[in-house]
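Report on the structure given below.
The values are calculated or read from the model by the stated rules, or taken from the named source; none is laboratory data. Not measured: the values here are computed from a predicted model. Heads up, the Cβs are rebuilt from the backbone with ideal geometry, glycines too, and the neighbour counts pull from every protein chain shown.
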Amino acid sequence: MKYRPHRQPCRKSGNGHIKLKARFLAALLIAGVLGNPLARAADKYLLLNYAPDGFTTRVSSATIIHYVADKFGAANRTSSLKAGVACIYFPGARWTDIPRELALLQKDLAMARESQIPILVQVDTETYLPASLLNWYDPNLPGYDPAKTADVEWHGWDRSTAIKLCWRNWGSPFRIGPAPNFLSARFQAYEKGIYYAFVPVVLEWYNNLPAEKKWLFVGWKCGWESAYNGNYRFFSNGNAYYGSTINPAWSNHYEPLGYNAAKTSGIRTSGTLTENDYARLVGMHLTYLAKLAIDAGVPKSKISVHGTYYHTVQEDEESLTNPFSNPGSSFYPSSSVCWASNTALFREAVHTAEAKYGATGYGYGEFNLFTSDYKAWLSWFKARLHDDPDCLYQALYNYDSMYGRPDVERALLDAMAQCPAAAQ
């Protein structure tokens, strides 16, 4: 299965990514839109994203980790720009379970240590969920409980608007289960159970690394482009499609969700939800996850969140900054004014997080330039990853934008050669 999210950094923009031509990207890099070119001594990470369960990845963990080791391992030992992997685990998905995903995690961590390849860990608690967790609507399926209307999203202010299903578009639309109420007690208990099952495995591995190998743990990422009305979209009269094989046409005309979370949190109980309301709700969700991670023992400097851009600095701060983690977002450049302005606002929010909460920088939980141009990638890796004093890591969505692409591989190797490791 081809796996590339169908998303844009501007939350209100339409469908799909606008491929960026190499000459346009080069102009942006020269203009310095994306950051301060002054370098920081700390290691920076370019990570190839994949999922080790085989659902979203055509090759195995061993293939990808060994590929990174063979292609970039020698450069990793001499450069402050490191190549690694970003792995997603799906304990709630229909095709797997917690023991299976834990086994995959342990295997990947062992390979990362053996191959000396840095790794970023993401354990999904919001995008693929057990059907039984949110089943308020079908007595013929496991987990049925009408009280679970409290745990799904609503498209209005009372339980009569609880949803039974949603749709997602990652290149093509498909049907999924209902959007969860991120702030319900039952849903948060589910997330806590997942974190407390997976974090100890990561910490045991990390704590057993010798001091000179601690760099192999890039960190723990909370959320997955967390937002409303994007990865879970509900259309008019959507519940009527439950039990049918017919689906509505994908469009930007949809029934907004988030009313249950707003009511649960107390930020609003009537009226129309605003962008600021959504930012606050996402911030509550990501703050909860980040606090779970830090309470479970993950060092604060190793925790990052993954949300989306908004339209004001205040909204970015509300959604992406908190006392327990570094901020993070996706980056899919386009020619739109929305993209350029939102990138600048995000950077202001990063600086606020550093000043207010002691954040050590930011990460791009997803990014891609959608080009094979050597010069564009070389400029990006050097100037906008390594030399950006605030950037900690960037996760390339997906691995196959590097794997088997000689010009992109060469660009990274040449950038690594230009970024020698600090003397020990």
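No other residue among ALA189, ALA262 is within 23 Å of GLY307 (Cβ to Cβ), part of a helix (DSSP H, G or I), in contact with a helix residue (DSSP H, G or I) (Cβ under 7 Å, 6 or more places away or on another chain) and of a type in the set (A, V, I, L, M, F, W, C) apart from ALA262. Of the helices (runs of 4 or more DSSP H) lying entirely inside region 328-417, those containing at least 3 residues that are touching an Asp or Glu at 6+ places or on another chain (Cβ under 8 Å), surrounded by 20 or more Cβ atoms within 10 Å (Cβ to Cβ) and of a type outside the set (S, T, N, Q) are 337-357.
Please enumerate the residues belonging to region 66-91 that are of a type in the set (Gly, Ala, Ser) and surrounded by 24 or more Cβ atoms within 10 Å (Cβ to Cβ). Selection gives ALA83, GLY84, ALA86. Is it the case that THR274 is on the phi < 0 side of the Ramachandran plot, of a type in the set (Val, Ile, Thr), surrounded by fewer than 20 Cβ atoms within 10 Å (Cβ to Cβ) and in contact (Cβ under 8 Å) with a residue 12 or more places away in the chain? So THR274 fails the test. Scanning region 305-327 for residues that are polar (S, T, N, Q), surrounded by fewer than 21 Cβ atoms within 10 Å (Cβ to Cβ) and assigned to a helix (DSSP H, G or I) yields a single hit, GLN314.
Would a scan of region 297-304 turn up a residue that is crowded, with 24+ Cβ neighbours inside 10 Å and basic (Lys, Arg)? No, that holds for no residue.
Every test in (1) modelled with pLDDT under 95; (2) farther than 20 Å from GLY223 by Cβ; (3) not hydroxyl-bearing (Ser, Thr, Tyr) is passed by ALA93 save one, and that test is (2). Considering only residues in region 209-237 that are of a type outside the set (D, E, K, R) and over 27 Å from the mean Cα position of the chain (by Cα), the one that is surrounded by the most Cβ atoms within 10 Å (Cβ to Cβ) turns out to be SER236.
Inspection of region 293-301 identifies at least one residue that is touching a residue at least 24 places away in the same chain (Cβ under 8 Å), assigned to a helix (DSSP H, G or I), among the aliphatic types (A, V, I, L, M) and in contact with a strand residue (DSSP E or B) (Cβ under 9 Å, 6 or more places away or on another chain). Of note, TYR278 satisfies the criterion of being in a helix (DSSP H, G or I), modelled with pLDDT of 95 or more and among the aromatic types (Phe, Trp, Tyr).
Filter region 158-191 for residues that are among the aromatic types (Phe, Trp, Tyr) and under 29 Å from LEU292 (Cα atoms); which is surrounded by the fewest Cβ atoms within 10 Å (Cβ to Cβ)? The extreme case among them is TRP170.
Restricting the first member to region 365-388 and to residues that are on the phi > 0 side of the Ramachandran plot, and the second to residues that are surrounded by fewer than 23 Cβ atoms within 10 Å (Cβ to Cβ) and among the β-branched types (Val, Ile, Thr), the beta-carbon pairs closer than 9 Å and six or more apart or on different chains are PHE370/ILE18.
Here ASP388 does not fit the description of being farther than 18 Å from TYR45 by Cα and acidic (Asp, Glu). Residues that are more than 28 Å from CYS391 (Cβ to Cβ) and either touching a strand residue (DSSP E or B) at 6+ places or on another chain (Cβ under 6 Å) or free of Cβ contacts under 8 Å to residues at least 12 places away in the same chain (or both) within region 195-246 comprise GLU204, ASN208, TYR232, ARG233, PHE234, ASN237, ALA240, GLY243, SER244, THR245, ILE246, listed in sequence order. Only one entry in THR343, THR312 is of a type in the set (S, T, N, Q) and without any contact (Cβ under 8 Å) to a residue 40 or more places away in the chain, namely THR312.
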